[in-house]
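Only one structure is covered here, and it is reproduced in the block below.
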Amino acid sequence: MAKTDSILIRSEVKIMNELGLHARPAAEFVRAAQAFRSEIWILKGEARFSAGSIIEILMANLDFGDTAIIEAQGPDAERAVARLVELVHEFAVENAT
């Protein structure tokens, strides 16, 4: 295993979309996560949810104002976390327009 395969990247995000991470943005989030080779999770409290599963993302119940951590491990973990954090921020902007 290459050294880059074991890099763990984390970033905290705050859900600012008034509707939370509901069905449409959750599906978009999962599609974006699946585009990366790294394993990606959402951590909320003590729970961990696979970012590649729409069911798990919906089970995370990420509501407006909630804080979560996006975590990825693998060869493109840094890019994956950066893109998913950006996407969560874009959901807030879309909701504001």
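Can you list the HN-Hα couplings for the range 75-92, worked out from phi with the Karplus curve (6.51, -1.76, 1.60; θ = phi - 60°), rounded to whole Hz and with x for Gly and Pro?
x, 10, 4, 4, 5, 4, 5, 4, 5, 6, 4, 4, 5, 4, 5, 5, 4, 5
How many nm separate the modelled label positions at Ser53 and Val93, each set 7 Å beyond the Cα in the direction of the Cβ?
Here the answer is 3.1 nm between the modelled labels.
Tabulate in residue order the Karplus-calculated ³J(HN,Hα) for the range 57-65, using 6.51 cos²θ - 1.76 cosθ + 1.60 with θ = phi - 60°, rounded to whole Hz; enter x for Gly and Pro.
5, 5, 5, 5, 6, 7, 9, 3, x
Of the GluC sites (Glu not before Pro) in the range 1-66, which ones lie in a loop per DSSP and count no more than 16 other C-beta atoms within 10 Å?
Details: sites: Glu12, Glu18, Glu28, Glu39, Glu46, Glu56; in loops: Glu18, Glu46.
The qualifying sites are Glu18, Glu46.
Would you kindly give the portion of the calculated P(r) for the chain that falls above 22 Å, as a percent of all Cα pairs?
On the way: 963 of 4656 pairs.
Of all Cα-Cα distances in the chain, 21 percent exceed 22 Å.
Report the label-to-label distance for Gln34 and Thr67 in nanometres (one decimal), using points 7 Å from each Cα along the Cα→Cβ vector.
Going from the Gln34 label point to the Thr67 one covers 3.2 nm.
Quick one: which residues, 5+ away or cross-chain, put their amide H under 5 Å from the amide H of Gly20? H built at 1.01 Å from N.
So Gly20 has HN proximity to Phe64.
Out of the trypsin sites (Lys or Arg not before Pro) in the range 11-97, which ones are loop residues according to DSSP with at most 16 other C-beta atoms within 10 Å? If you can, show how the numbers build up before the last one.
Numbers: sites: Lys14, Arg31, Arg37, Lys44, Arg48, Arg79, Arg83; in loops: Arg37.
Listed in order of number, the matching sites are Arg37.
Accessible area of Phe91, 1.4 Å probe, to the nearest 10 Å²?
0
On C-alpha positions alone, give me the angle between the axis of helix 23-34 and the longest principal axis of the chain, in degrees, nearest 10.
With rounding to tens, the tilt is 10 degrees.
Send over a whole-number figure in Å² for the accessible area per residue of the chain, probe 1.4 Å. Numbers along the way, then the final one.
Values: 5610 Å² over 97 residues.
Ligands and nucleic acids excluded, the result is 58 Å² per residue.
The values are calculated or read from the model by the stated rules, or taken from the named source; none is laboratory data. No experiment lies behind these values; they were computed from the predicted model shown. We place every Cβ from the backbone using ideal geometry, glycine too, and count neighbours over all the protein chains shown. Calculation scope for accessible area: heavy atoms of the full protein, side chains included, ligands and nucleic acids excluded. Shrake-Rupley method; radii C 1.70, N 1.55, O 1.52, S 1.80 Å.
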